[in-house]
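Report on the following structure.
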Amino acid sequence: MNITRRNLMLGAGGSLLTAASATPALAQDHSGHTMPTPAKAPTKASVVDASLRNGKVRTLNGWTMPHRMNAGVKEFHLVAEAVEHEFAPGSTATCWGYNGSTPGPTIEAVEGDRVRIFVTNKLGEATTIHWHGLLLPSGMDGVGGLTQPKIQPGETFVYEFELRQHGTHMYHPHADEMVQMALGMMGLFIIHPKAGETLAIDRDYAFILHNFALHPGTSRPDPAVLQDFDLWTFNSKVFPAIETLVARSGERVRIRIGNLSMWNHPIHLHGVQFEVTGGDGGRRPRAQWRKEVTEIVGVGQMRDIEFTAVPGDWAFHCHMAHHTMGPMGHDVPNTLGVDQSGIEDKLRGMLPGYMAMGKHGMSEHQNHIDSGHMQGPPNTLAMMVGKGPFGNIEMGGMFTVLKVRDEQPAGDYSDPGWYEHPDGSVARRVSTDPDFGNPPRRKA
Ligand SMILES: [Cu+2]
């Protein structure tokens, strides 16, 4: 490979990163390739518009990292740093992420590309990046202490390798992982097949499942929690702040799902039998596609699902019921069936504003929150929120809606509003008498 000064100039697509003016030094990589190692990594941060999406893939609530071409190599620059993040209106926290967001920007490239990724550490402790699922030289694998020295605060490292596969993959730190991942450090790494898709995709969505222990009233995720998380997120957002997925009837839709949380998540889509078409090994041969309505995405796994869109408003969520809800005390006593009359007045003497709830279920929580007479701690989301066309949706975590419309223009991701059901196609009330009808019932 011939390296000249001229072909190290910025390619046409290079706009985000500010080029270092220094003459690049030449170095040998592990495979014996001569590669340019800029004496200085691009350092000036460019601020991009928050609405930037810029990829083939639609990262829910996220964005794709612009790259620059440098002598045929795709260059990216990740910055590990603290970010002020909003999980949903009413809940913000100081998280850690990359380039101003959690998750960090999605890296998109094509099978066969050579990529060079600069990583600058603006945290107060050392970090690394592991390219999860990628086939690469051992020294590029990003495991702190094992395959490389850690990237100390203020330092920039460079990773460089060739993409020898396609599929949905991820990146995350492999240094003080328990803390760095618990605070939101992660991102998607999507490699498109060189030969194109065997079946064309009209809409290509992607997100990472995660969890945060943002205890009520606090503003920094607690890294010590292993299971009882407060916020269960798609791309670090909770319902109703998770973007709606939109499609036109008949379009082929893919949803790429990665899991960097501490639980497995049975991801469930209403309205269709989707096909599981890919995993960590990329898109599978068609004979291996299988129809499901729920697919478990295990910790550390990737799954791609595809389907042909049918009109309607379809719930899309994790099937672990607690994961679709917002923050809750996991140690609350069970008040189901408990007659609390008389108790409320007594407790109010000690705890002004105390409200007895839960005898008939938890549904009343949302009414109390919505009517404004029950206030939680500051910076804390309600457990169940969201208004649908027929009432409260009572969700708050890993839940969003797939909206499919006959008239949605191709490439238009704007929310079309609620579905207008054809006449006579909505479940309806036929009686208000609890003793209505004569249904067969089993006797004890
Ligand atoms: Cu779940």
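General remarks:
- Volume of the Cα convex hull of the range 47-198, divided per residue and given in Å³: 118
- Sequence of Ser371, Ser249 once ranked by neighbouring C-beta atoms within 10 Å, starting from the fewest: Ser371, Ser249
- Distance histogram for the range 83-139 (every C-alpha pair counted, 5 angstrom bins, percent rounded to whole numbers): 4, 12, 22, 21, 16, 12, 8, 4, 1
- Quarter of Cα convex hull surface for the range 248-292, i.e. mean projection, nm²: 4.2
- By other beta-carbon atoms within 10 Å, ranking His360, His172, His192, His265 with the fewest at the front produces His360, His192, His172, His265.
- Footprinting exposure proxy ranking of Lys359, Lys443, Lys237, fewest other C-beta atoms within 10 angstrom first, gives Lys443, Lys359, Lys237.
- Cross-link partners for Lys443 among the aspartates and glutamates, with Cα-Cα distance under 17 Å and sequence neighbours closer than 8 places in the same chain left out: Asp435.
- With 25 Å as the limit on Cα-Cα distance, the pairs of Lys56/Lys237; Lys56/Lys403; Lys359/Lys387; Lys56/Lys122 that go past it are Lys56/Lys122.
- Here the relative contact order of the range 47-198, from alpha carbon pairs under 8 Å that lie six or more residues apart, stands at 24 percent.
Each value in this text was obtained by applying a stated rule to the coordinates, not by laboratory testing. Since the structure is predicted, the reported quantities are computational estimates derived from the model, not experimental observations. FYI the Cβ positions are ideal-geometry reconstructions off the backbone, even for glycines, and counts take in every protein chain you see.
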